[in-house]
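J.: Pasting a structure below so you can have a look.
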């Protein structure tokens, strides 16, 4: 690790020193630095479950090197530090379950690892006005595989990305991924190796799942087609295929119509997913996805916004046969009802209703926002339909963002999360710990130079 850091520092310093000499060749070096501090704690006010906290820091040291008008080299090495924490590697003594939130700041494969680093970005890119191709290690932001920027580092992928825009109306994008660096991991892993680093839940028979380390998937492919419709509407079709696991299709339409009081927003999504191959493993007890699963989803949004307010009301329904699955290691849900700090994959049936409101102050660089959602999930007693043994719940998020004007690209973000079960029936310890009857708090400081 030390050799990699020293080589990287030497490489960057050399590039900075030659920048002036290479000016006639149009060689431009832009530093890419990102420092993040993340405080997280989880409490159970009504119960005696284990309460945890953690303070983590990360630093990405990198650069974007431009040559001529078409070539770019991206490089970045990120270090992580567990500055202070409770005994997050120890399980809750009542439920026997491992910590779910605070451990995700660091290395889930070795929760005792207090300091580590990884070469997060190393890619070369060539682009024209209507075409581009990038190869290597890079960030990603697609419907189901995305940065999910809720920890110390984003998810990144290793592979190839190409796009083509024949005109101002159409854009075609493709991803071929062979390895991934998920948030909460110090390693670059094969696609199948990443599945199950987060909690695995239970099999369709109700036994503890064992697919972690036993999932066979060699590659991940993503196709996206974007089409502008008029001046204020957009349509997208995407397919996310995980070899030997599943294929997920999503069709979305979004429209922003200007009115006298602001902008009306409308969004509609339709999704379909089916299993592929052996679902990760031919043995049922080691399988991630049932090959004969057929799932569908419908999600919608109606909203309004202006210079001060952003508001929308969202609804999602998931149905079909089997569980809708998308590895939590890979990104957040694409549905409009997604709320930070929880996901709704892993269920045969979901009905979610979420309201969102945000207010931006006029004379101060501050905004406050809130999510309020009801999530009706498959019966916890039906293991085949409820992977994580998760009860239906209500979630409220309160957030505050502050971006001081005097320090460019510095921001502060506070998030308070409350989750409660929707039904008053008796819940087991495994249905409560990490899931409901909890208060979760995040305090985040970001500073970027790029």
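The values are calculated or read from the model by the stated rules, or taken from the named source; none is laboratory data. This structure is a prediction, so every number in the text was calculated from the model and none was measured. For neighbour counting, all protein chains shown are included, and Cβ atoms are generated from backbone atoms with ideal geometry for every residue, glycine included.
J.: Is it the case that some residue within segment 212-223 is within 25 Å of residue 309 (Cα to Cα) and either crowded, with 20+ Cβ neighbours inside 10 Å or within 22 Å of the chain's Cα centre (by Cα) (or both)?
T.: Initial filter on segment 212-223 (within 25 Å of residue 309 (Cα to Cα)): none.
Checked against the condition, which is being within 25 Å of residue 309 (Cα to Cα) and either crowded, with 20+ Cβ neighbours inside 10 Å or within 22 Å of the chain's Cα centre (by Cα) (or both), segment 212-223 yields no hits at all.
J.: Can you pull out the residues in segment 334-344 that are assigned to a loop (DSSP other than H, G, I, E, B) and in contact (Cβ under 8 Å) with a residue 24 or more places away in the chain? Walk me through how you get there before you give the answer.
T.: So the first thing to find is which residues in segment 334-344 are assigned to a loop (DSSP other than H, G, I, E, B), and the list is 334-338, 340-341, 343-344.
Hits for segment 334-344 are 334, 335, 336, 337, 340, 341, 344.
J.: Still on this structure, please answer the following. Inside segment 316-331, can you point out the residues that are modelled with pLDDT under 95 and over 17 Å from residue 201 (Cα atoms)? If you could, list the steps in order and put the result at the bottom.
T.: Of the residues in segment 316-331, the ones modelled with pLDDT under 95 are 328-329, 331.
Matches in segment 316-331: 331 only.
J.: Given the residues 411, 379, which is the only one that is closer than 29 Å to residue 197 by Cβ, touching a strand residue (DSSP E or B) at 6+ places or on another chain (Cβ under 8 Å) and without any contact (Cβ under 8 Å) to a residue 24 or more places away in the chain?
T.: On the way: 411 fails: without any contact (Cβ under 8 Å) to a residue 24 or more places away in the chain.
Selected residue: 379, the only one of 411, 379 that is closer than 29 Å to residue 197 by Cβ, touching a strand residue (DSSP E or B) at 6+ places or on another chain (Cβ under 8 Å) and without any contact (Cβ under 8 Å) to a residue 24 or more places away in the chain.
J.: Moving on. Looking at segment 119-139 only, could you name the residues that are touching a residue at least 40 places away in the same chain (Cβ under 8 Å) and within 19 Å of the chain's Cα centre (by Cα)?
T.: Matches in segment 119-139: 120, 121, 137, 138.
J.: On the basis of being within 25 Å of residue 399 (Cα to Cα), surrounded by fewer than 19 Cβ atoms within 10 Å (Cβ to Cβ) and modelled with pLDDT of 95 or more, does residue 57 make the cut? Write out each step before concluding.
T.: On the way: within 25 Å of residue 399 (Cα to Cα): yes; surrounded by fewer than 19 Cβ atoms within 10 Å (Cβ to Cβ): yes; modelled with pLDDT of 95 or more: yes.
Criteria met by residue 57.
J.: Here is a further query. Could you check, for segment 58-70, whether at least one of its residues is out of contact with any strand residue (DSSP E or B) (no Cβ under 8 Å at 6 or more places or on another chain) and either outside any strand (DSSP E or B) or free of Cβ contacts under 8 Å to residues at least 60 places away in the same chain (or both)?
T.: If we filter segment 58-70 for residues that are out of contact with any strand residue (DSSP E or B) (no Cβ under 8 Å at 6 or more places or on another chain), which is where we start, we get 68-69.
Imposing the further condition that a residue be either outside any strand (DSSP E or B) or free of Cβ contacts under 8 Å to residues at least 60 places away in the same chain (or both) reduces the set to 68-69.
Yes - at least one qualifying residue is present in segment 58-70.
J.: Looking at residue 233, is it surrounded by fewer than 16 Cβ atoms within 10 Å (Cβ to Cβ) and more than 21 Å from the chain's Cα centre (by Cα)?
T.: On the way: surrounded by fewer than 16 Cβ atoms within 10 Å (Cβ to Cβ): yes; more than 21 Å from the chain's Cα centre (by Cα): yes.
Against the criterion (surrounded by fewer than 16 Cβ atoms within 10 Å (Cβ to Cβ) and more than 21 Å from the chain's Cα centre (by Cα)), residue 233 qualifies.
J.: Going through segment 321-332 one residue at a time, which ones are out of contact with any helix residue (DSSP H, G or I) (no Cβ under 6 Å at 6 or more places or on another chain) and either buried (at least 17 other Cβ atoms within 10 Å of the Cβ) or not in a strand (DSSP E or B) (or both)?
T.: Taking segment 321-332 as the starting set, the residues that turn out to be out of contact with any helix residue (DSSP H, G or I) (no Cβ under 6 Å at 6 or more places or on another chain) are 321-328, 330-332.
Passing the criteria: 322, 323, 324, 325, 326, 327, 328, 330, 331, 332.
J.: Just one of the numbered conditions (1) in a loop (DSSP other than H, G, I, E, B); (2) closer than 28 Å to residue 389 by Cβ is not true of residue 363; which one?
T.: (2)
J.: On the given criteria, is residue 148 over 21 Å from the mean Cα position of the chain (by Cα), in contact (Cβ under 8 Å) with a residue 60 or more places away in the chain and not in a strand (DSSP E or B)?
T.: no
J.: Residues that are under 23 Å from residue 79 (Cα atoms) and modelled with pLDDT under 95: does segment 173-180 have at least one?
T.: Within segment 173-180 (the criterion being under 23 Å from residue 79 (Cα atoms) and modelled with pLDDT under 95), the answer is no, since none of the residues qualifies.
J.: In this structure, is residue 123 in contact with a helix residue (DSSP H, G or I) (Cβ under 9 Å, 6 or more places away or on another chain), surrounded by 15 or more Cβ atoms within 10 Å (Cβ to Cβ) and either at pLDDT 95 or above or more than 24 Å from residue 328 (Cβ to Cβ) (or both)? Before the answer, list the steps.
T.: Numbers: in contact with a helix residue (DSSP H, G or I) (Cβ under 9 Å, 6 or more places away or on another chain): no; surrounded by 15 or more Cβ atoms within 10 Å (Cβ to Cβ): yes; either at pLDDT 95 or above or more than 24 Å from residue 328 (Cβ to Cβ) (or both): yes.
In short, no.
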